[in-house]
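Have a look at the structure below, then the notes.
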Amino acid sequence: MLYGLTVICAFLLAGELLSRLAALPVPGAVLGMLLFTGWMLLRKDIEPRVARVGAGLLRYLPLLFVPAGVGLVELGPRLAHEGVAMIVVLVLSTAITLGVTALTLQWLLRRRARG
Amino acid sequence: MVDPATHWHEASGWLAAYPGLWLVVTGAVFLLADKLFRASRRFPLLNPVLVSILVLIATLRLFNVSYTDYFAGAQMIHLLLGPATVALAMPLYLNLHHVRAWMMPLTIALVVGCVVGIASALALGQLFGLSAATLLSFAPKSVTTPIAMALAGHLGGIPALTANVVILTGVFGAVAGLPLMRLLKVDDAMVQGFALGVAAHGIGTARALQESETAGAFGGLAMGLNAILTSLLLPLILAVWPI
């Protein structure tokens, strides 16, 4: 387990360093994920000891958002002020994104099937 | 003889100062919320993260505990978010072979969905008068929670707000996504899964997986690719978008 955790944390560390050294606007964790993806593409498989730890982390991924999400408790005034507008924006924007993506992909696939 | 009340007073004082308390409470609340979610046959509105957050906020209010004190204990859980984000590369890698057969249509649909997701949040947010920090917290709302939080923190948003907005986006997509697509006469499992993954990340993907394996696989693929593309495009869009 330590081996897998060390490898994954090493990718995270490399991503964080790269983000700062190259002054990229992309978060270090995302760069770490990209580096890890590149490593698997090069190897053409997932190292089993790393896969075990990765699967363990992903299994409880939702739990890991909870401590930050509870921070909502400090946003009372902002929610009271903007809450209704937030819900409207969330619903409309998500519906538009979903509809446009689905219709675009369906149109492209049908066009290709015909052509 | 020592008064039991004095004992209790000492013990509760120690407990309130013990950092492990909120670690245990967070874990226990999540396990119960997850149990409730499964018992409801994964009804999206009973999303375990959402239920856990609401129960914990109510608990903190009830016992008059500050978020700083709560987070001192719960941050041990929070610290695993970084490594878990890196581990998201694994399902992405396993789904990547789907791209090869449908390279062009999927790439175009991904770029369109990614840009529309960001632009519609920013434009509607401005239309409805959201403040700058709220707008920046909303911009990455279609992306999987850990990456959306990292992006919001990086670009001047509020990660705690983003976490909740992202989860609500996923819940809305999971509840309304398939009915909306049927209304638009989109009935292909691959298209439905992909759109749910782009617009509603992991929660949408979980809903797609309930429909079919195909929908689930394309949802997972779309979610991973959209997280990467949004990370790259969002800073560029924000650089030119007047906020």
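The values are calculated or read from the model by the stated rules, or taken from the named source; none is laboratory data. Not measured: the values here are computed from a predicted model. All Cβ positions, even for glycine, are placed from backbone atoms using ideal geometry, and neighbour counts span all protein chains on display.
A compact table of results
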read-out	value
Test: residue in the stretch B:9-25 that is without any contact (Cβ under 8 Å) to a residue 40 or more places away in the chain, outside the structural domain of B:Thr230 (by TED's automatic domain parsing) and within 19 Å of the chain's Cα centre (by Cα)	no
Hits in the stretch A:14-33 (condition: surrounded by fewer than 22 Cβ atoms within 10 Å (Cβ to Cβ) and either among the polar types (S, T, N, Q) or in contact with a His (Cβ under 7 Å, 6 or more places away or on another chain) (or both))	A:Ser19, A:Pro25
Matching helices (runs of 4 or more DSSP H) fully within the stretch B:65-150 where at least 3 residues are more than 18 Å from A:Gly32 (Cα to Cα) and hydroxyl-bearing (Ser, Thr, Tyr)	B:67-78
Residue in the stretch B:160-167 that is assigned to a loop (DSSP other than H, G, I, E, B) and crowded, with 18+ Cβ neighbours inside 10 Å present	no
Subset of the stretch B:1-60 (residues that are more than 25 Å from B:Leu168 (Cα to Cα) and of a type in the set (A, V, I, L, M, F, W, C))	B:Met1, B:Val2, B:Ala5, B:Trp8, B:Ala11, B:Trp14, B:Leu15, B:Ala16, B:Ala17, B:Leu21, B:Val24
Criterion violated by B:Gly193 - all others in (1) buried (at least 24 other Cβ atoms within 10 Å of the Cβ); (2) facing chain A (nearest Cβ under 9 Å); (3) more than 9 Å from the chain's Cα centre (by Cα); (4) modelled with pLDDT of 95 or more satisfied	(2)
Failed item in (1) modelled with pLDDT of 95 or more; (2) more than 7 Å from chain B (Cβ to nearest Cβ), with A:Ala95 passing the rest	(2)
Options B:Ala152, B:Ala133, B:Ala121; residue that is buried (at least 24 other Cβ atoms within 10 Å of the Cβ), of a type in the set (Gly, Ala, Ser) and more than 20 Å from B:Leu196 (Cβ to Cβ)	B:Ala152
Among residues of the stretch B:81-108, those that are at pLDDT 95 or above, within 19 Å of B:Thr144 (Cα to Cα) and surrounded by fewer than 17 Cβ atoms within 10 Å (Cβ to Cβ), counted	1
Condition check for B:Val99: over 19 Å from the mean Cα position of the chain (by Cα), β-branched (Val, Ile, Thr), within 17 Å of A:Leu72 (Cα to Cα) and more than 9 Å from chain A (Cβ to nearest Cβ)	no
Pair list, Cβ < 7 Å and 6+ apart or interchain, from the stretch A:35-64 residues that are in the same structural domain as A:Gly15 (by TED's automatic domain parsing) to residues that are surrounded by fewer than 17 Cβ atoms within 10 Å (Cβ to Cβ) and among the aromatic types (Phe, Trp, Tyr)	A:Arg49/A:Tyr3
